[in-house]
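The values are calculated or read from the model by the stated rules, or taken from the named source; none is laboratory data. Keep in mind it's a predicted model, so treat the numbers as computed, not measured. Reconstructed Cβ throughout: ideal geometry from the backbone, glycine too, with neighbour counts over all protein chains shown. Surface areas here come from the heavy atoms of the whole protein model, side chains and all, with no ligands, DNA or RNA. Shrake-Rupley method; radii C 1.70, N 1.55, O 1.52, S 1.80 Å.
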Amino acid sequence: MGYTGHRPALDVVLDGLRRLEYRGYDSAGVAVLDGDGGLAVERKAGRLANLEARLDEVGRDTLTGGTGMGHTRWATHGAPIDRNSHPHRDTTGRTAVVHNGIIENFAQLRAELEADGVELASDTDSETAAHLVARIYDGDLAAAVRTVCRRLEGAFTLVVTHADEPDKVVAARRSSPLVVGVGVGETFLASDVAAFIEHTRDAVELGQDQVVTITKDGYEVTDFHGEPVVAKPFQVNWDLSAAEKGGHDYFMLKEIEEQPEALANTLRGHFADGRIVLDEQRLADQDLRDVDKVFVVACGTAYHSGLVAKYAIEHWTRLPVECELASEFRYRDPVLDRDTLVVAISQSGETADTLEAVRHAREQKARVLAICNTNGAQIPRESDAVLYTHAGPEIGVAATKTFLAQIAANYLVGLALAQARGTKYPDEVAREFHELEAMPAAVQHALGTVGQVRELARELADSKAILFLGRHVGFPVALEGALKLKELAYMHAEGFAAGELKHGPIALIEDQLPVVVVMPSPKGRAVLHSKLLSNISEIQARGARTIVIAEEGDDTVKPFADHLIEVPAVPTLLQPLVSSVPLQVLAAEIARSRGYDVDKPRNLAKSVTVE
Ligand code: F6R
C-alpha cells in the first residue's frame, strides 16, 4: 500500500494493511517520509500485530509525515524473518521498495550488484529493485522506476519512495494487481481497494506494464517507456461494511452466512428477454456455436467448482468437457484450437497458474471465458468473455461464498452454451435458470445446520484424520470438504469418489475413523443412492464413524448414519450448492476448536500470484 495526503501516513497505511493482511501474513512493514529528507522504516516478521507491538516499543514519533507505504508479505524468496521483511532499502537508506510477485532474473541482478560491491541485506529478490532504482536515480523517481522495470523479468507490483521526493509515491505493475484510490487532497495505492475503501470509492485500475506516480492532488500514469496512458477510473460498488466482520467471530463465518446473497448477486441480471447473458462478451455468438470441446482450468477450490461444471456443461450441451488443474494444463500440451472453449475460474483473477493457462490457451487460438470475482483483474482482462460472480469481497483466506458463486456461474456458462448451440430449447433454459433462482433460499435453509455442525465439530476436533466420500457431483463436494479441513484445521483429510474406495483407500478405515459421506438424492439419482448406501455399509462394517449429509426426508439413510445432517432437496446438478455448506462450517469450527485462526491459516495467502 502507498499513501500521500493530508493525514498521518502511518495511521492510513496501518489501517490499509489491516484490511490487506489476508493477502499474506509472514511479515509486515512500513516506511514514512517526514518531508525533511528523512525516510523511516519499521518491519517485523509475523503478523501485523507484531509490527504494531514493535512500533509501540520504539515509539511512533520517528514515523511522522504525510507520505508512506506498507506491505504484508507472503514469503517466496527468503524465510519469513525480520531482515527479509519489506520495505527494503538501498545502502544509503534513501530509496525504499515494497514488492509483490517474483523477479525471475533476480539471481543475475543480484550477482551484478554484488560484483559492483553492493552488499545485500536480505535473501529476497525484492531488495535488488531498491538498489537498482537508487543507482540510477537522478532526481526523477518515476523515470528511475521505469528504467528498472524494463530490466525486470517476472510478475511484480513495486511501490517505491525516495527521501528526496517526499510528496510522491511511485508504483509499477506487471501481471500483479495495483489500484489507485483518489480522495480529496490524498491519493492511495494498493493491491486491493479494500485498503482504502474507508476513505474513497473512486478508484483507477492500472494496466499491464504501467507506472503511476501519486501526489496528494492526483496521479499520473505512463507505460514503462514514459508514454502517457489514460487509465480507467471506476467506482467501487461495495462499502466498508462488506469488508468488516459485522459481529461475527471470524470473516469466514460471515462469508458462509452471506452465501444466499452472494448466489443471488451472481445470478442477477444474467437472464434478460428470455436469454442468458454474460457480463462481457468479446466473442461473436457464432464462436460459441462453433465450440466443439471445453476445458475448465482453475486451482484449489475454484478447480473443485470446475469439476462440478463438467457434470452440468456436459449434460446440458453434449460437449466433451475436461476439467484440469491450471498448474498442469500448459505443461502437457493439451489439444487446443479455435473451436475449443477454455473456461478459466478464479476468484481473485490474479492466480498466476490460471493466468498462465489462459495465456497458453490464447496462444493456441482457443477462446477463453473467465469466471471471476474481481472486477478488472488480469484474468478477465486477458479473456474473450467474462462472467463476474459479484459475490462481494472475501476476506477469509479459505474460499466459501465465492465457491458457491463460481458453481452458479458455471451453470450459467453451461446454459449460455446450450442456448447458443441449441441443445436446449429456450423454455428449457428458462426453466433451469428459474431453478437456479430458487437456490439462494435453499442455501439459506441449509445454513440451518450451523448449530448442529458446530457441536459435531467439537466432538471431532481431536480426530487424527477425516475422510470424505461422494459420487457424481457429490465427489467434488467431498474433495472440497477435505481441502477446507486440511487448510483450516491442519488435519489430514482426503476426498474420494465413493466407488473408488474398495480399490485401495478402504485400507485406511479403522475403528472410529470419521467418514463424511455426501449422499445424492434418492429420487434424482436412485441408482447412485443405493450404490452409496452399499459403500457406507462397507466402511461401517470396518468400524468407521459415519457422518452423512443427505436430503431432508431421506429416511433410508438413517440406519447408515452415526450422525445425520439434512440439507434441503434440490435438483441433482445443483446439490453441491447445499451440501457444501455444512462441510465449510465443519472445517471452520474444527479449526476453531483446535485454537487456530480460521481466517488466516498458516502458510497460505488469498491471492497466489506466483507459479
Ligand atoms: C481454498 C482456496 C484456494 C483458491 C485457489 C484459487 O480455500 O481459497 O484453493 O481457491 O488458490 O484461487 P483463485 O480462485 O483466486 O484463482
Exercise. Starting from residues that are open to solvent by 10 Å² or more (accessible area, probe 1.4 Å) and more than 17 Å from L573 (Cα to Cα), keep the ones in the range 467-488 and report whichever is farthest from the ligand (Cβ to nearest atom).
Key: K486
Self-check item: Pick from the range 82-125, criterion of a type in the set (A, V, I, L, M) and over 26 Å from G68 (Cα atoms), ranking: nearest to the chain's Cα centre (by Cα)
Solution: A107
Quiz item: Here is a list of conditions, (1) open to solvent by 20 Å² or more (accessible area, probe 1.4 Å); (2) modelled with pLDDT of 95 or more; (3) within 32 Å of the chain's Cα centre (by Cα), and D597 meets all of them except one; can you say which number that is?
Solution: (2)
Self-check item: Failed item, numbered, when A171 is tested on (1) open to solvent by 10 Å² or more (accessible area, probe 1.4 Å); (2) part of a strand (DSSP E or B); (3) not polar (S, T, N, Q)
Solution: (1)
Quiz item: Is there a residue in the range 492-512 that is open to solvent by less than 20 Å² (accessible area, probe 1.4 Å), assigned to a loop (DSSP other than H, G, I, E, B), within 16 Å of the ligand (Cβ to nearest atom) and modelled with pLDDT of 95 or more?
Solution: no
Quiz item: If you go through the range 521-535, how many residues are surrounded by 15 or more Cβ atoms within 10 Å (Cβ to Cβ), within 16 Å of E500 (Cβ to Cβ) and free of Cβ contacts under 8 Å to residues at least 60 places away in the same chain?
Solution: 1
Quiz prompt | Meets criteria (within 26 Å of A284 (Cβ to Cβ), among the basic types (K, R) and either within 16 Å of the ligand (Cβ to nearest atom) or open to solvent by 10 Å² or more (accessible area, probe 1.4 Å) (or both)) for R431 | solution = no
Quiz item: Which residues, taken from the range 1-58, are open to solvent by less than 60 Å² (accessible area, probe 1.4 Å), at pLDDT below 95 and among the charged types (D, E, K, R)?
Solution: R19, E21, R23, D26
Quiz item: Applying the selection to the range 278-296, what residues are farther than 20 Å from F433 by Cβ and touching a Pro at 6+ places or on another chain (Cβ under 9 Å)?
Solution: D292, K293, F295
Exercise. May I ask you to say which residue of V517, V548, V608, V557 is buried (at least 21 other Cβ atoms within 10 Å of the Cβ) and in contact (Cβ under 8 Å) with a residue 40 or more places away in the chain?
Key: V517
Quiz item: Which members of the range 49-72 meet the condition of being farther than 27 Å from T215 by Cβ and in contact (Cβ under 8 Å) with a residue 24 or more places away in the chain?
Solution: E52
Quiz item: If you go through the range 52-73, how many residues are under 26 Å from the mean Cα position of the chain (by Cα) and either over 21 Å from D90 (Cα atoms) or among the basic types (K, R) (or both)?
Solution: 1
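Yes/no matrix, rows are residues, columns are (1) in a helix (DSSP H, G or I); (2) of a type in the set (V, I, T):
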| residue | (1), (2) |
| --- | --- |
| V557 | yes, yes |
| L564 | no, no |
| L574 | yes, no |
| L577 | yes, no |
| L583 | yes, no |
| D597 | no, no |
| K600 | no, no |
Exercise. Select the helices (runs of 4 or more DSSP H) contained entirely in the range 297-410, then report the ones holding at least 2 residues which are charged (D, E, K, R) and more than 15 Å from the ligand (Cβ to nearest atom).
Key: 300-317, 352-363
Quiz item: Among the helices (runs of 4 or more DSSP H) confined wholly to the range 45-141, which include 2 or more residues that are hydroxyl-bearing (S, T, Y)?
Solution: 126-136
Quiz item: Taking the range 293-312 as the search range and keeping residues that are hydrophobic (A, V, I, L, M, F, W, C) and within 15 Å of the chain's Cα centre (by Cα), which one is surrounded by the fewest Cβ atoms within 10 Å (Cβ to Cβ)?
Solution: C299
Quiz item: Given the structure, is V585 among the β-branched types (V, I, T), farther than 30 Å from Y331 by Cβ, open to solvent by less than 40 Å² (accessible area, probe 1.4 Å) and touching a helix residue (DSSP H, G or I) at 6+ places or on another chain (Cβ under 8 Å)?
Solution: yes
